1. Restricting the search to region B:165-192, which residues are crowded, with 21+ Cβ neighbours inside 10 Å and either among the hydrophobic types (A, V, I, L, M, F, W, C) or in contact with a strand residue (DSSP E or B) (Cβ under 6 Å, 6 or more places away or on another chain) (or both)?
2. Just one of A:Val174, A:Val200 is assigned to a strand (DSSP E or B) and either at pLDDT 90 or above or within 26 Å of the chain's Cα centre (by Cα) (or both); which is it?
3. When the residues of region B:53-110 are narrowed to those that are among the polar types (S, T, N, Q) and facing another protein chain (nearest Cβ under 7 Å), which ends up farthest from B:Val174 (Cα to Cα)?
4. For region B:70-86, how many residues meet the condition of being part of a helix (DSSP H, G or I) and under 20 Å from B:Val98 (Cβ atoms)?
5. Do you know which residues across region B:117-163 are among the hydroxyl-bearing types (Ser, Thr, Tyr) and assigned to a helix (DSSP H, G or I)?
6. Within region A:308-329, is even one residue more than 26 Å from A:Lys247 (Cβ to Cβ) and not aliphatic (A, V, I, L, M)?
7. How many of the residues making up region A:42-66 are in contact (Cβ under 8 Å) with a residue 12 or more places away in the chain, more than 25 Å from A:Lys151 (Cβ to Cβ) and within 14 Å of chain B (Cβ to nearest Cβ)?
Amino acid sequence: MTDNNTAPPQAPDDDELPRPAVRRRRFSASLIWLVPALAAVIGISLMVNSVLQAGPEITITFQTAEGLDAGKTPVKYKNVIIGKVDKIRLSGDRSHVKVTVALDKSADSFATKGTRFWVVRPRIGLGGISGIDTLLSGAFIGADVGDSQDKEDDFKGLESPPAVNHSAPGRSFVLHSDDLGSLDIGSPVYYRRIQVGRVVSYRLDDDGKGVSLQIFVDGPNDKFVTTATRFWNASGVDVSLGADGLKLNTESLATVVAGGMAFQDPPGPHDDTPAGQDAQFKLFADQGTAMAPPDGTPHYIRMRFEKSVRGLDVNAPVEFLGVKIGNVVSVRLDYDEQTQRFPLIVGAVVYPERLGSAYVKLQAMAKMRGDNPDMTKMMGRLVDNGLRAQARTGNLLTGQLYISMDFIKNAPKVTFDPDARPLMIPTTGGSFDKLQEQAADIVDKIDKIPFDSIGKNLNETLGGLNATLKQVNGKTLPEFDNTLKGVQKTVNTAGDALSGDSPLQQNLGTTLQEVQRTARSLRVLVDYLSDHPEALIRGRRADAKSSPASAPAAAPPSKSPKQGSTP
Amino acid sequence: MSAPAKVQALPRASELGLIGCHVCGLVCRCPGADGGVAANACCPRCGCALHRRKPASYSRTWALLIAAFLMYLPANLLPIMRTASLNDIDDNTILTGVLELWTKGSPDLAVIVFTASILVPMLKFLVLGMLLISSQRQTGWARVQRAKLYRLVEFIGYWSMLDVFVVSLLTAMVRFSVLSRVEPLPGVIFFGLTVVLTMLASMSFDPRLIWDGRDTDD
C-alpha cells in the first residue's frame, strides 16, 4: 500500500513465513442480518402499536381556546388522561374554536353521543373555588360520558363544568319560579340546613313568563324529595316590610352570600312516595308560602275606589274576614268623565282555595244550583248579601293599607255583573275614611259656633256683674252686719229664757202638772161616761160614787214615773 | 493522479499469497487458492482469525446500516425528552427541540444540535451507502476522496451521541421534584441505537474494498 515498499514481488520465501493455524468457525456471517430484521420488527411493532393505540379523533367546539395548548393539553376523566389535544383551529366563521382531540384507544367509549367536554380552569366563585390544581398543571379538558352507544365525533364543549357527573348517584328535579332571585348554577340546595344538592342549570321558560331551574340532589338524600315536597328560595337576607310588620329571614350564612334554596315536606299528612327523576316542582319565594296549603288557581279581581288609597302598595294583602286570600297586584288611576273624578282601580289576585272548607262548601253549593263553574254567580249572591271591599289601615305606624273583603250591614245596593272579566268587586269607604268624615263633620259643627258674639255677650255680662258686686260690697254688706248683730241679741234672750232656773221654766213645770191633773179628771169622766152613758142625761147616780173613788187610787202609780222622768 | 496510478501498479498481497494479521500485524503465507484464504485460518501468533478483507464486510455493513436506518425513523418521530416544570409538561422530539431552540433565541445551539443529531446521521447513511454501492460496483471513481470520506465518517461517528449525552445529563441533573424535571423518553433509546449501529456499520466496512477492483478498472 505504501510507496516506499520497494520489496520485489514474490520476495518472501515460503519457508520464512508462518502458516496460519486452522480453527473451526463459530458462526456464520449471514447471522448479521438478524440485526436489521430485529430493527424492522421493532419498527413495525412500534408502528402497529401506534396504529392500534390511536383511538378515535374527535372535534370539540369551544368559545375560546384559553389555556388550551395543541399537543399538550390532556383530556381527563376522573383525573385519568384519556386523550390529548391535537390541533386547535378557528371555525370557518371565526365565531368559535375547533379543538381536535386524539382520544386513547381505551377511551373509545367517550366518542359517543351524550359525552360532555369542558375546559377545567381555575374558577373562583361565591360558591367556592374549583380547579385550583390547574393553576400549577395548566388547564385540561374534562370529560363526562353519557349513556348512549351511538358514535359521535363532533362535540360542543361546555363553557363551564357541569354541576353533576353523569354517574353521580342522585336525581335531578325541575323547579319553576317567577324569577331566578339570587340563585346561580352551583347554588346549594338545603334539606334541614344540610347541603344535599345544587342548582345544575336554569333557563327562561319558552313564553318568558318564568324560570325553570334544574337541580340535582345527591344520593342517598334524594329519597327525601317526595311528591309532596315544597321547595323555597332561601337566598340572601329576606327583609320585608308589609302590613304584617317587619320580617327578616335567612337560611344560612352561605346562602346570604351565594344564594340557595331549601326543601322540606309540608307538615301534616302527605304523600311520602319519593319523587321521580325530573319531577316538576314549584319554587316558592319563602318558607311561609311554601309550607302554606296549596293556593289553587288564582283569580284576578278588580276594585274601584273613589278615595285616595295612599299606603296601599302592590303586594298588600287581600283579606276575607281576616283570612289572607290574595295580594294586590296593581294600583292604577282611572278618569270618570261623568263625575270628573279620578277613581283608583286596584287589581288583585285572590286564591279562593285559601278559604279552605268554606270554599269547598260554596263550590258544592254552586254546583248544586247549576252556577257557572268559576263561581262568579255565587260571588254575585255574596255581593247582594253585602260583601264589599274596603281599604283598611293595617299598620297605624306606617300607614300601610290592606284590602279587606267584609260583609257590610246596610250596604247600598250595587249592580254586579257576574260575566265581567276581570270580576269587579264593589267597594265601600274604608273605616278610616268614615272616621275622617265624622271628624270633619264635628269640626264643621264646631266651626259654626259663633264664638265672637258669645265672647262679646259674655264680656258685657261680666261688666254688669262687676257693677252689681260693687253695690253689694258698698251697701248690702254693712246692713247685713247689723242684721246679724240683732239676731245675736235675740238668740241671747232666748237662751236666758230657756235656762233651768228661769221663771219661765218653773211656770212651765207647774203648768204641766196642772195639765196632768186635768187629763186625769178627764179620764175619770170618760171612763164614767163609757160605763154610764145615761149619766149625760140623768146625771150622776149615788151608787156609782165608789167607782170614781177607786179611779184616783189607780192614778198615783202612773204619776210617779212621770215625776221620776222629770229632770 | 500519478501516485494512485503508481500504487495501482504494485502487486497485491493476495497475488503474492500473503496475508497479514489484523491485530498483531504478522504476515503469513496464505495457503488458499485464488488469492483467497482458508475459511478458518488463524494467526499463528495471536490466534486472531485471518482474513484478507473484513469477513462479509458488505453484508454486515449493509445489514447494520439498514438496521440503523430503521432505528433512525422512530428516533426522530418519537419524543426523546420530557421537560416537566411547574405548570407545563413538554415532550420534545429532536426536531421540535431544534425548532424550539431556534425560535426561543438560540439559533447557534439549534444549528449544533441539528448538525449533530440530524445532519450527521443522515450524512453517515448517505456516505456509507455510497461507499458500499461504489465499492461493490468496484468503480475506480474518486477512490482517494472516498477513502477520506470514510475516515471522516469514522471520526465523527461518536459525536452523534451528543443528544443522548444531553438527555442523560439533564435527566440526572434536573431533578427538582415538582418544580422541574427532565425524563428520557423512548426516542432517545432509538436514537442511541441508530448512532451505535451506524458506528458498527462504519467499523464493519473495510476501506480496502475501495481499492479493490483495480483489475476491472484497468
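The values are calculated or read from the model by the stated rules, or taken from the named source; none is laboratory data. Note that the coordinates shown come from a computational prediction; the quantities given were computed from them, not determined experimentally. When we count neighbours, we look across all protein chains shown, and the Cβ atoms used for this are built from the backbone with ideal geometry, even at glycine.
1. Across region B:165-192, the qualifying residues are B:Val167, B:Val182, B:Val188, B:Phe190, B:Phe191.
2. On the way: A:Val200 fails: either at pLDDT 90 or above or within 26 Å of the chain's Cα centre (by Cα) (or both).
So the residue among A:Val174, A:Val200 that is assigned to a strand (DSSP E or B) and either at pLDDT 90 or above or within 26 Å of the chain's Cα centre (by Cα) (or both) is A:Val174.
3. Once the filter is applied, the top-ranked residue is B:Ser59.
4. 7
5. Within region B:117-163, the subset among the hydroxyl-bearing types (Ser, Thr, Tyr) is B:117, B:134-135, B:139, B:150, B:158, B:160.
Correct list: B:Ser117, B:Ser134, B:Ser135, B:Tyr150, B:Tyr158, B:Ser160.
6. So in region A:308-329, the residues more than 26 Å from A:Lys247 (Cβ to Cβ) come out as A:308.
Add one more test, that the residue is not aliphatic (A, V, I, L, M), and what stays is A:308.
Yes, that holds for at least one residue.
7. Count: 0.
Residue-by-condition table, conditions (1) touching a helix residue (DSSP H, G or I) at 6+ places or on another chain (Cβ under 8 Å); (2) more than 14 Å from every other protein chain (Cβ to nearest Cβ):
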| position | (1), (2) |
| --- | --- |
| A:Leu103 | yes, yes |
| A:Ala107 | no, yes |
| A:Ala111 | no, yes |
| A:Thr115 | no, yes |
| A:Val119 | no, yes |
| A:Arg123 | no, yes |
| A:Asp133 | no, no |
